[in-house]
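**Q** Below are the structure tokens for one structure; questions will follow.
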Number of protein chains: 2
Amino acid sequence: MTLPLSIYDLLEEVLQKIKPTSQERERLNSVVGEIIARVEGLARNKGLECETLLVGSAARGTWLAGDHDLDIFIGVAVDSDLHRALELARAAVPIYQERYAEHAYVHAIFEGFEVDLVPFYLVEDASRIKSAVDRTPFHSRYVSAKIKDLEDEVLLLKQFMKGTGVYGSELRVCGFSGYLAELLIIRYCSFVEVLRAAASWSPGVTIDLEKHAVQLHEDPLVLVDPVDPKRNVAAALSLDKMFQFSAASRCFIKSPDQNFFFPREVDPLSDQELLSRIEDRKSTLILIELVAPDMVEDVIYPQLRKAEQSICSLLDRNDFSVLRSDVHWHQDKLRIWMLFELEVGYLPSVKRHIGPPIWQEYHVDRFLSHHRQTLSGPYIDEGKVVVEVNRNYNTATQLLRSQICNLSLGKHLKLQFEKGYKLYVGRELLEIDGLEFRRFMARYFSRRLNIC
Amino acid sequence: MTLPLSIYDLLEEVLQKIKPTSQERERLNSVVGEIIARVEGLARNKGLECETLLVGSAARGTWLAGDHDLDIFIGVAVDSDLHRALELARAAVPIYQERYAEHAYVHAIFEGFEVDLVPFYLVEDASRIKSAVDRTPFHSRYVSAKIKDLEDEVLLLKQFMKGTGVYGSELRVCGFSGYLAELLIIRYCSFVEVLRAAASWSPGVTIDLEKHAVQLHEDPLVLVDPVDPKRNVAAALSLDKMFQFSAASRCFIKSPDQNFFFPREVDPLSDQELLSRIEDRKSTLILIELVAPDMVEDVIYPQLRKAEQSICSLLDRNDFSVLRSDVHWHQDKLRIWMLFELEVGYLPSVKRHIGPPIWQEYHVDRFLSHHRQTLSGPYIDEGKVVVEVNRNYNTATQLLRSQICNLSLGKHLKLQFEKGYKLYVGRELLEIDGLEFRRFMARYFSRRLNIC
């Protein structure tokens, strides 16, 4: 397969939009220089031995224009105390927030940049880390050493992944991390070659840059960490996001288009559009609105997924067949929406229960003793005893109202459900205002991926 | 397990009702004597050598009181012509109908008895018959020789089978033939012992009175024909009827009751009862009424079953889940009713199509080329490409009206469907008059077997 020449013109145009200008580079360098100087000055004053370094995309020139995130790591000796590094971080910036991942770090807005100041241990080998962040400087050194002159390819790949909705290893996305994108470029040497390789992926693809893998992984994509042979860099990548990327790669190669990099934001639905979508589909849409717990995204999303799964199972178990579902955490961080689309919202009162084979006397007796009140039966069908009994819940909303709080919903979300929630059914969805909701619904209805 | 004495009192009472009186016996014997004398007189006049014999339950004293069916067989030599026996039969009775099974026979009403005069070949061995009826005289001789003093036990078993709805090997019932009932009595020596044995049947039970089986049968009950080692007497018995009998046997042994022999005829539903059953169940009932083809029961029932099955599959294939169905051929022989009970009668317009795994490029392309017009998607779910498209039929009645005549419905029934049929949905069933319909619906709704 040879690519039309125009693809490179197209990539050049994309690059114009996403590559930081020299002014942006200079500003970044000067801000980084200032912060590092402050930290090191404070350390000298306190007589603390530490190593301060910029990591992440800013360190290796692979950040996308306008992306103003800085990760500055403050390393102390393994036998030292991380707390002393944290004190340096606190003192280095005028206003800050303390945040927690595995342990505390400082988050600050500094001259328009979002800065994370992260204490870590200076370990000798990435496979002997004391905390997950200790691995990051090794990643940074590895990539820096290999990425020279490939920075633009990384930028293209990151933007393509953003545009096709697969960028980000956070639990909301379960996509590709920046480090993973960089390693793919290191492996295949160019954006186009990464796409060509991805186009023919199947589950279980393994990439081992350093040929040092020491264990098997069950994940759909395995990229052995070049600084830690036990670790799969793509462990957080979901099957669906992996192949969303793969399918988008195939399509882009067939018909390159800037749209893959810069998709048009979906238009919010008007009242009339929302109504006609609901009426055209003739399905039963149920929306649950509840107050979001005050937690960070990586805590909320797994709980949201768990709750979504539990509610879908509850509905399916009770014969309310779920066509599709989706969840959304409002940008204002205050509200959560969970949307369930059912084939039908009500079912007949009569429900068929199929029991054991009629010749298993003991089991038949037990079954029938549980079903003394029948609408029809007992009778025999294909050798099994069958009864028809009254269904517990005729409508999906009855079922949800009665059972939702008994489900496994995640710790914080469950508390919110217990405090109260609202159910909207069908046309009642029109009562919910706001562009964000109307965009959520527009995305839900079209749900069209760039895969063909 | 010992049975309470009272069961024998109960059986005695039942016997009082079902055993022919001596007058009935005498009348039967005199009618049989007269017919045989006529046939043999005619044969002598024509110089034809033949053997005339009474077969069936009348021959061995195992007919139920009031059952006025006589089977009189007229046998000719193997190298002779059956047609000559048929001429004797025609001449022997004043008014008759000619009927056809494997070949022609004469059916007549004679002095209040329904008489079949059946020509057959006098073969030497039941395993070398020329026509299925040639086997009957062998059955008759075998049973007659073994059934002495067990006649009452046969009567009880036949009446129990009638009362529990499993008597009759015709295709409408797929139950126990009279010969099968007699052989069970010969095997177990009494009504109660047959029930005890049947109570613990499981599929694949084999009974071989003469220990001469020469081949395996797949049927749920195998009773090797004592006069033909290749044949299974219970071949026509369905799994469900076999175990309806088995389960009823268990129940009768636990709590004997005349009800098993003489069940109360179900009361026809009033308008109000029919309406409230429909509304209580909240399901969607669809009734198809059509003109019955002018054929005998054993031709109509297999076609009815086939049509019922085809329509159920059509509905299920289109996601209209069938709860239960039933068919009925009106006693007036003019109408047929086919009843289908659905969970829901309409479905959303949107329908999910799950395609191949997204990494199978060729298959994905083919799938997507078939689904260019989507309501939602394509998207990826659990590694597979998915689209949501418009459903062809929103309501079950639309589907039936459009597709029913394309189904496999049986030759004669299909012609009737093509001529026209009526659909009644839900409350429209109230428009159908007549006690027979209201009894059919009453039986449908309760559908309670004597199995617990």
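**Q** Among B:VAL39, B:VAL31, B:VAL14, which is in contact with an Asp or Glu (Cβ under 7 Å, 6 or more places away or on another chain) and assigned to a helix (DSSP H, G or I)?
**A** Result: B:VAL31 is the single residue among B:VAL39, B:VAL31, B:VAL14 that is in contact with an Asp or Glu (Cβ under 7 Å, 6 or more places away or on another chain) and assigned to a helix (DSSP H, G or I).
Rundown of residues vs (1) assigned by TED's automatic domain parsing to the domain that holds B:ARG44; (2) outside any helix (DSSP H, G or I); (3) at positive phi; (4) surrounded by fewer than 20 Cβ atoms within 10 Å (Cβ to Cβ), yes/no style:
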position: B:VAL76; (1), (2), (3), (4): yes, yes, no, no
position: B:SER80; (1), (2), (3), (4): yes, yes, no, yes
position: B:GLU87; (1), (2), (3), (4): yes, no, no, yes
position: B:GLU98; (1), (2), (3), (4): yes, yes, no, yes
position: B:ILE109; (1), (2), (3), (4): yes, yes, no, yes
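**Q** Select the helices (runs of 4 or more DSSP H) contained entirely in region A:150-244, then report the ones holding at least 1 residues which are surrounded by fewer than 24 Cβ atoms within 10 Å (Cβ to Cβ), within 14 Å of chain B (Cβ to nearest Cβ) and on the phi < 0 side of the Ramachandran plot.
**A** Hits in region A:150-244: A:191-199.
**Q** Another question about this same structure. Please verify whether region A:288-308 includes one or more residues that are within 13 Å of chain B (Cβ to nearest Cβ) and open to solvent by 30 Å² or more (accessible area, probe 1.4 Å).
**A** No, that holds for no residue.
**Q** Separate question: How about region A:307-350: which of its residues are in a helix (DSSP H, G or I) and within 16 Å of the chain's Cα centre (by Cα)?
**A** A:ALA307, A:GLU308, A:GLN309, listed by residue number.
**Q** What are the residues in region A:358-381 that are open to solvent by 30 Å² or more (accessible area, probe 1.4 Å) and either at the interface with another protein chain (Cβ under 7 Å from one of its Cβ atoms) or touching a residue at least 24 places away in the same chain (Cβ under 8 Å) (or both), if any?
**A** Across region A:358-381, the qualifying residues are A:TRP359, A:GLU361, A:LEU375, A:ASP381.
**Q** Which of the residues spanning region A:413-448 are touching a residue at least 40 places away in the same chain (Cβ under 8 Å), at negative phi and assigned to a loop (DSSP other than H, G, I, E, B)?
**A** Matches in region A:413-448: A:TYR421, A:ILE432.
**Q** Sticking with this one: Kindly evaluate A:VAL387 against the criterion of being surrounded by 21 or more Cβ atoms within 10 Å (Cβ to Cβ), within 21 Å of B:ALA248 (Cβ to Cβ), more than 9 Å from chain B (Cβ to nearest Cβ) and free of Cβ contacts under 8 Å to residues at least 40 places away in the same chain.
**A** yes
**Q** Which residues, taken from region A:394-421, are surrounded by 14 or more Cβ atoms within 10 Å (Cβ to Cβ) and charged (D, E, K, R)?
**A** Residue satisfying the conditions is A:LYS414 alone.
**Q** Residue pairs, Cβ under 9 Å, 6 or more apart or interchain, first in region A:191-207 and closer than 20 Å to B:HIS363 by Cβ, second basic (Lys, Arg) and surrounded by 16 or more Cβ atoms within 10 Å (Cβ to Cβ). List them.
**A** That search, which allows pairs on different chains as well, returns A:ALA198/A:ARG250; A:ALA199/A:ARG250; A:SER200/A:ARG250.
**Q** Taking A:HIS353, is it more than 11 Å from every other protein chain (Cβ to nearest Cβ) and either more than 18 Å from B:ARG447 (Cα to Cα) or assigned to a loop (DSSP other than H, G, I, E, B) (or both)?
**A** Judged against the criteria, A:HIS353 is not a match.
**Q** Residues that are at the interface with chain A (Cβ under 8 Å from one of its Cβ atoms), in contact with a strand residue (DSSP E or B) (Cβ under 8 Å, 6 or more places away or on another chain) and at pLDDT 95 or above: does region B:417-425 have at least one?
**A** Checking region B:417-425: not a single residue is at the interface with chain A (Cβ under 8 Å from one of its Cβ atoms), in contact with a strand residue (DSSP E or B) (Cβ under 8 Å, 6 or more places away or on another chain) and at pLDDT 95 or above.
**Q** Also, I was wondering about something else. For region A:267-278, give me each residue that is in contact (Cβ under 8 Å) with a residue 40 or more places away in the chain and either β-branched (Val, Ile, Thr) or within 13 Å of chain B (Cβ to nearest Cβ) (or both).
**A** Those that are in contact (Cβ under 8 Å) with a residue 40 or more places away in the chain and either β-branched (Val, Ile, Thr) or within 13 Å of chain B (Cβ to nearest Cβ) (or both): A:ARG277, A:ILE278.
**Q** If you go through region A:325-345 one residue at a time, do you hit one that is at the interface with chain B (Cβ under 9 Å from one of its Cβ atoms), farther than 30 Å from B:ALA248 by Cα and without any contact (Cβ under 8 Å) to a residue 24 or more places away in the chain?
**A** Within region A:325-345, none of the residues are at the interface with chain B (Cβ under 9 Å from one of its Cβ atoms), farther than 30 Å from B:ALA248 by Cα and without any contact (Cβ under 8 Å) to a residue 24 or more places away in the chain.
**Q** Quick check on region A:245-266: of everything there that is in a loop (DSSP other than H, G, I, E, B) and within 23 Å of the chain's Cα centre (by Cα), which residue is farthest from A:LEU435 (Cα to Cα)?
**A** A:PHE261
**Q** Let me ask another. Looking at (1) closer than 20 Å to A:SER190 by Cβ; (2) free of Cβ contacts under 8 Å to residues at least 40 places away in the same chain; (3) among the basic types (Lys, Arg), which is the only condition A:ARG264 fails?
**A** (1)
**Q** Sticking with this one: Could we say that B:ILE451 is in contact (Cβ under 8 Å) with a residue 24 or more places away in the chain, over 17 Å from B:ASP319 (Cβ atoms) and more than 13 Å from every other protein chain (Cβ to nearest Cβ) here?
**A** Spelling it out, it is not the case that B:ILE451 is in contact (Cβ under 8 Å) with a residue 24 or more places away in the chain, over 17 Å from B:ASP319 (Cβ atoms) and more than 13 Å from every other protein chain (Cβ to nearest Cβ).
**Q** Consider A:PRO256 against the criteria (1) under 30 Å from B:ILE358 (Cα atoms); (2) within 14 Å of chain B (Cβ to nearest Cβ); (3) open to solvent by 10 Å² or more (accessible area, probe 1.4 Å): it satisfies all of them except one. Which criterion is unmet?
**A** Only one criterion in (1) under 30 Å from B:ILE358 (Cα atoms); (2) within 14 Å of chain B (Cβ to nearest Cβ); (3) open to solvent by 10 Å² or more (accessible area, probe 1.4 Å) is unmet by A:PRO256, namely (2).
The values are calculated or read from the model by the stated rules, or taken from the named source; none is laboratory data. What you see is a predicted model, and the numbers here were worked out from it, not measured in a lab. Cβ: placed from backbone, ideal geometry, glycine included. Neighbour counts: every protein chain shown. With ligands, DNA and RNA removed, areas are computed over all heavy atoms of the protein, side chains included. Shrake-Rupley method; radii C 1.70, N 1.55, O 1.52, S 1.80 Å.
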